[in-house]
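Student: Just passing along the structure, written as structure tokens.
The values are calculated or read from the model by the stated rules, or taken from the named source; none is laboratory data. Because the structure is predicted, anything quoted here is derived from the model rather than measured. As a convention, Cβ positions derive from the backbone with ideal geometry for all residues, glycine included, and neighbour counts pool all protein chains shown. Calculation scope for accessible area: heavy atoms of the full protein, side chains included, ligands and nucleic acids excluded. Shrake-Rupley method; radii C 1.70, N 1.55, O 1.52, S 1.80 Å.
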Amino acid sequence: MSSPLLEVKNLSIRFGGLKAVDNLTFTLNKGDLAGMIGPNGAGKTTAFNLMTGVYQPTSGELLLKGKSILGLKPFEICRKGIARTFQNIRLFKSMSVLENVLVPALQNVQYSDIDCVFQTEKYFKAEKAVHEKCLHLLDIFNLGKKADEEASSLPYGEQRKLEIIRTLATDPDLILLDEPAAGMNHSETHSLMETVARIRKEFNLTVLLIEHDMKLVMGLCEKIVVLDHGVKIDEGNPARIRSSKQVIEAYLGVEVEA
Amino acid sequence: MFNAFKTPIISALALLAVGVGFYFGVNAYVQLTLLYVFINLLMAMSLNLVNGYTGQFSLGHAGFMAVGAYTSAYLVQQVPSFTGFALWFFLLFSIAAGGLLSAIFGFLVGQPSLRLKGDYLAIVTLGFGEIIRVALVNMDFLGGPRGIASIPSYPALNFGIFEMPSFLSTYLAASFWVLLCFFVIWRLVRSSRGKSFLSVREDEIAAEAMGVDTTATKVRAFVISSFFAGIAGGLMAHVVSYISPSTFTFLKSVDSVIMVVLGGMGSLTGSIVAAVFITTMPELLRGLQEFTGVDLRMVIYSLSLIFVMILRPKGLFGGTEAIDLWRKYVKPSS
């Protein structure tokens with residue numbers, strides 16, 4: 001445990017007069033399972049977009065393994081080890097389940113178009129390896145049987161799962177999950193919690209997730225960052241957050257003396 | 001290594017057999033139609049890589065075709081003394097040079113404009129096609145509006161024991177380019193790496209977040225596509241022996257788009273079927289014209305397009321290949 005995996009320092013972004021994220025500072029260590037909560041419009045997804053290069057921050061620093069990742073494009077950040085899911089599922093809908101996982105997996109495999117056209121030894125080796133890897137990933141999550149089905153034909157919960165598998169295929173160090181349990185019923189949420197805990201252990205990952213389901217966040221995360229109006233209002237373990245005055249005020253409003 | 005060439009060689013032999021059959025079986029008019037089919041095949045397949053697989057909308061394919069055609073025609077004019085084998089091989093080289101120049105143009109146009117999306121890209125590529133055409137009208141050393149006439153066509157090849165007629169030597173070269181185009185694009189899009197083309201079409205933001213360099217992917221598709229459009233142009237210059245700026249109008253680009261849409265966006269075999277259909281149908285209907293006295297060809301042509309769009313809105317083959325349908329419905333076991 002030398003330097004932290006991800007350091008977010010004084011990160012801010014303005015959209016015109018609106019400070020969507022204001023002076024956000026927190027760190028993630030390797031192996032953390034952290035949550036980010038806050039009322040609607042608090043700037044959680046914007047913070048994710050900043051961390052993955054979709055938006056460029058107005059000011060602040062962003063360090064991954066001690067190196068700045070500011071100014072990099074989303075695909076470069078992805079290759080450096082941060083992968084994410086989306087609040088509204090963004091699968092490659094008309095491609096098969098397996099193909100959805102192949103796309104990210106191949107960004108790390110190097111063979112050229114020439115190898116591909118002449119179908120050299122290298123091409124076959126790389127193809128075989130990457131297919132095996134992807135099928136293995138799908139098998140871990142019991143989606144192996146559905147590898148050839150169209151992604152949009154999967155039930156909602158499995159589409160969410162597939163999005164998570166897709167992030168794993170990029171060989172990430174850190175995955176950012178944007179409301180993974182949104183729209184899920186109780187049992188689906190439960191199995192998702194197990195999945196997240198499991199992949200973190202098996203793949204040696206660091207996870208940061210946005211979630212509105214407090215039961216999920218409190219039960220799963222060891223560390224929680226709370227945002228409100230773009231500002232971090234508190235940070236700490238679930239017990240601390242649960243009793244934090246600022247957090248309660250942000251969610252429920254200020255208590256009025258009767 | 002041999003395995004990689006097995007299917008192409010078998011396909012080449014099959015095509016050759018078709019060519020020989022055409023040579024002995026039908027008249028020169030039908031033979032010429034077959035060569036037009038090949039040119040349109042190149043146009044449709046290459047455009048499908050951009051419009052179908054990568055989901056970008058290019059309307060400037062005729063511009064790239066013009067670049068290839070003029071390059072090749074100009075180069076051949078520099079060596080008037082070449083005949084026989086020397087000419088045949090020189091044409092191979094000059095057409096390739098036309099394709100390369102066209103690919104360079106594709107890169108130059110694609111690099112800035114592929115950051116645009118949808119309609120905007122269509123406008124830029126449309127503009128590119130028109131710029132090329134207008135530029136050609138004003139280039140005197142390329143014939144200006146009169147174009148280039150009496151471009152050398154493929155020569156008959158004398159093998160000693162027998163002489164290969166001009167049609168077959170043209171056909172040989174055309175088959176070579178069509179097969180090259182088909183197998184390059186086929187193998188690219190069917191490989192896992194080629195899935196990044198599709199991912200750009202499906203969801204650009206997600207593709208970018210999954211480590212796909214979307215701009216580079218689009219430019220790659222555009223460059224490969226314009227290369228083969230240039231090849232198609234070069235081939236046409238030597239099949240028709242005459243090119244002028246008015247050959248490469250906006251309508252030519254639209255023709256290619258129609259073939260891609262009709263065959264199915266993202267189906268190479270669909271493009272083949274559509275190119276064959278669209279090229280041969282107006283010719284087949286010529287007989288009808290004599291019978292009715294009026295030219296009904298365009299009416300039938302447009303009606304058939306409308307019907308296909310109503311009955312199969314995603315194109316004849318949708319996004320699947322003929323071979324996948326075969327495996328799914330005809331021979332599920334193998």
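Student: State whether the residues of segment B:188-208 include one that is within 14 Å of another protein chain (Cβ to nearest Cβ) and under 30 Å from B:Trp88 (Cβ atoms).
Tutor: Yes, segment B:188-208 contains a residue that is within 14 Å of another protein chain (Cβ to nearest Cβ) and under 30 Å from B:Trp88 (Cβ atoms).
Student: Filter segment B:254-296 down to the residues that are out of contact with any helix residue (DSSP H, G or I) (no Cβ under 8 Å at 6 or more places or on another chain) and not in a helix (DSSP H, G or I) and list them by number.
Tutor: B:Gly293, B:Val294
Student: For segment B:52-62, name all the residues that are open to solvent by less than 10 Å² (accessible area, probe 1.4 Å) and within 12 Å of B:Gly118 (Cα to Cα).
Tutor: Across segment B:52-62, the qualifying residues are B:Thr54, B:Ser58.
Student: Still on this structure, please answer the following. Return the residue satisfying two criteria in turn: it lies in segment B:205-259 and is without any contact (Cβ under 8 Å) to a residue 24 or more places away in the chain and of a type in the set (D, E, K, R), and of such residues it is surrounded by the most Cβ atoms within 10 Å (Cβ to Cβ).
Tutor: The residue in question is B:Glu208.
Student: So in segment A:169-188, with the set limited to residues that are over 9 Å from the mean Cα position of the chain (by Cα) and within 11 Å of chain B (Cβ to nearest Cβ), which one is most open to solvent (accessible area, probe 1.4 Å)?
Tutor: A:Asp171
Student: Next up: Do we find a residue being in contact with a Ser or Thr (Cβ under 6 Å, 6 or more places away or on another chain), under 25 Å from B:Leu35 (Cα atoms), touching a residue at least 60 places away in the same chain (Cβ under 8 Å) and part of a helix (DSSP H, G or I) anywhere in segment B:132-154?
Tutor: Checked against the condition, which is being in contact with a Ser or Thr (Cβ under 6 Å, 6 or more places away or on another chain), under 25 Å from B:Leu35 (Cα atoms), touching a residue at least 60 places away in the same chain (Cβ under 8 Å) and part of a helix (DSSP H, G or I), segment B:132-154 yields no hits at all.
Student: Something else now. Could you tell me how many of the residues in segment A:98-130 are in a helix (DSSP H, G or I), under 19 Å from B:Leu198 (Cβ atoms) and facing chain B (nearest Cβ under 7 Å)?
Tutor: The qualifying residues number 10.
Student: Could you tell me which residue of segment A:115-171 is nearest to A:Phe203 (Cα to Cα), considering only residues that are of a type in the set (Ser, Thr, Tyr) and out of contact with any strand residue (DSSP E or B) (no Cβ under 8 Å at 6 or more places or on another chain)?
Tutor: A:Tyr156
Student: Restricted to segment A:63-80, and to residues that are without any contact (Cβ under 8 Å) to a residue 60 or more places away in the chain and assigned to a strand (DSSP E or B), which residue is most open to solvent (accessible area, probe 1.4 Å)?
Tutor: Out of the qualifying residues, it is A:Lys67.
Student: Among the residues of segment B:173-187, write down those that are open to solvent by 10 Å² or more (accessible area, probe 1.4 Å), among the aliphatic types (A, V, I, L, M) and at the interface with chain A (Cβ under 10 Å from one of its Cβ atoms).
Tutor: B:Leu180, B:Val184
Student: For segment A:120-162, give me each residue that is under 20 Å from A:Glu179 (Cβ atoms) and of a type outside the set (D, E, K, R).
Tutor: Across segment A:120-162, the qualifying residues are A:Phe141, A:Ala151, A:Ser152, A:Leu154, A:Pro155, A:Tyr156, A:Gly157, A:Gln159, A:Leu162.
Student: I've got another one for you. Would you confirm, using the coordinates I've provided, whether A:Lys128 is under 30 Å from B:Lys314 (Cα atoms) and open to solvent by 30 Å² or more (accessible area, probe 1.4 Å)?
Tutor: No: the conditions fail for A:Lys128.
Student: Read through the list (1) open to solvent by less than 90 Å² (accessible area, probe 1.4 Å); (2) at pLDDT below 80; (3) away from every other protein chain (no Cβ under 14 Å), then give the number of the only condition that B:Met309 fails.
Tutor: Every listed condition holds for B:Met309 apart from (2).
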